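Visitor: The structure under discussion is supplied below as C-alpha cells; questions concerning it will follow.
The values are calculated or read from the model by the stated rules, or taken from the named source; none is laboratory data. Keep in mind it's a predicted model, so treat the numbers as computed, not measured. Here Cβ is always computed from backbone atoms with ideal geometry, including for glycine, and neighbour counts include all displayed protein chains.
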Amino acid sequence: MSEKISIYRFMSAGCNGCDVQILECLVPRYKLAELGVEVVFTPEEANVLATTGGINVKGREELKKAYEKLKPPKLVVAVGNCAITKEIFDKGYPMVGPPDQIIPVNFYISGCPPRPQAIVTAIAKALGATLEEKEDYWATPEGFRGKHEFDSEKCMGCSACAQVCSSDAIDVLEDNGKRIIKVDYGHCSFCAFCQDECPTEAIKLTQEYHLLTDNRSTTNVTNEVDLFKCSSCGTYFIPVPQVDWALERIGNEVSEYKDFHSDLKTAIEVCLNCRREIRNIRNAKKLLAQLSAKVRAV
Ligand code: SF4
Ligand code: SF4
C-alpha cells in the first residue's frame, strides 16, 4: 500500500488500553507522520479501520456502518486481544463477534495491549516502509511479558498451566497418543500465571512482541508429548514424561520407598478404570495413597 494511510479508530467494549497505544504511535519519535500516516475522526475520511475492544450488540451495527463508509482499499486491523477474540469479555451476555465474524479483517496485532512499536511496525509493513533500527527504540523494559515459548525437553504435559490460566487461553488436546498443550496468545492477558505455576519451568513468556498476522488461526504456540498406554486396556491416559517425573521425584524425596519402585510403576501405568477392576494392584494403590500424603508433606 503506497498511498497515505488515514486511520479511523473504532472503539468498543474494553479498557481502552489498545486505543491509547494507537495514539501513542503518533508521537514524533515513531515518525509515522513522515511515512504519511494520520488519524482521522470519521470513517468517510479513512482508508484503514483500527478496531479495539470486544464488539457488543450495539457496536455490531456501528462497525458495519463504519466499514461501509471507508475509502478503498478498506483495510481493517484488529488491535489487541479483545478485538481478536473478545478475551476477558468473551462470556459477557451482550458480546458478539469477534469482528472478523462481522466484517472482513486483514490484520491482527496480538497483545494486551500491543506495544506502540508493534503497531508502528505493522503499519510500516503495510506501507512497505523501513523503520530505523535503534536499540532504545525497540528495547523492552525489564519484566516485559510477550509471546510464550515452550522448552520441549522440560514440558511434561501435566496441564497445570491450563488449570491456572486466568483467560482460558490454554487448551489441552489429546490426539492419537499425543497430548498437545496449545497457548492461544490472541486470547491471553500475559499475566504469567502459567509461567509461575509450571513445575518444571517449561513455559516462559519471552520479550517477543511483534505479533502481527493476517491469519487468525496462527496466534498460538504448542507443545506435544507422548501419552502412556494403559498396560492393561491399552487406552492412552497419562503423559509419559509426567510418569517419569513423578517416579523420579518420589525416588529422590522418599528414600524408603525405593524398594517398592516396581509396584509403584505397575500402579501408575494402569489407567483409573482398570485400577478399579484389578485386584492384584491393591497394595500398590495403598502405597500410592500413602506416598501422596508423604510427598505433600515434604
Ligand atoms: S508447560 Fe509446564 S505446566 Fe504446562 S503442561 Fe508443560 S510442564 Fe505442565
Ligand atoms: S500468560 Fe499464561 S496464564 Fe496468563 S493468560 Fe496468558 S496463557 Fe493464561
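Visitor: When both residues are 6+ apart or on different chains and their Cβ atoms are under 8 Å apart, which pairs have a first residue that lies in region 17-45 and is without any contact (Cβ under 8 Å) to a residue 24 or more places away in the chain, and a second that is surrounded by fewer than 14 Cβ atoms within 10 Å (Cβ to Cβ)?
Guide: Note: pairs meeting the criteria are L26/A33.
Visitor: Can you name the condition, by its number, that S152 falls short on among (1) within 8 Å of ligand 2 (Cβ to nearest atom); (2) assigned to a loop (DSSP other than H, G, I, E, B)?
Guide: Here S152 meets the rest and fails (1).
Visitor: Can you tell me which residue within region 122-147, out of those that are of a type in the set (S, T, Y) and more than 16 Å from K4 (Cα to Cα), is modelled with the highest pLDDT?
Guide: T140
Visitor: What are the residue pairs meeting all of these: first residue in region 214-229, first residue within 25 Å of F107 (Cα to Cα), second residue away from ligand 2 (no atom under 16 Å from the Cβ) and assigned to a strand (DSSP E or B), Cβ atoms under 6 Å, and 6 or more apart or on different chains?
Guide: The qualifying pairs are D214/F107; R216/Y108.
Visitor: What are the pairs, 6+ residues apart or on separate chains, where a residue within region 49-67 that is touching a residue at least 12 places away in the same chain (Cβ under 8 Å) has its Cβ under 8 Å from a residue that is part of a helix (DSSP H, G or I) and β-branched (V, I, T)?
Guide: A50/I22; T52/I22
Visitor: Tell me the residue from S167, S217 that is more than 12 Å from ligand 1 (Cβ to nearest atom) and assigned to a loop (DSSP other than H, G, I, E, B), please.
Guide: Unique residue meeting the criteria: S167.
Visitor: Being closer than 14 Å to H148 by Cα and touching a helix residue (DSSP H, G or I) at 6+ places or on another chain (Cβ under 8 Å) is the filter here; which residues of region 172-184 pass it?
Guide: Scanning region 172-184 gives I181, V183, D184.
Visitor: Would region 122-139 turn up any residue that is more than 16 Å from ligand 2 (Cβ to nearest atom) and closer than 18 Å to T52 by Cα?
Guide: The answer is yes; a qualifying residue exists.
Visitor: If only one of K125, K147, K154 is of a type outside the set (A, V, I, L, M, F, W, C), touching an Asp or Glu at 6+ places or on another chain (Cβ under 8 Å) and surrounded by fewer than 18 Cβ atoms within 10 Å (Cβ to Cβ), which one is it?
Guide: Going through K125, K147, K154 in turn, just one is of a type outside the set (A, V, I, L, M, F, W, C), touching an Asp or Glu at 6+ places or on another chain (Cβ under 8 Å) and surrounded by fewer than 18 Cβ atoms within 10 Å (Cβ to Cβ): K154.
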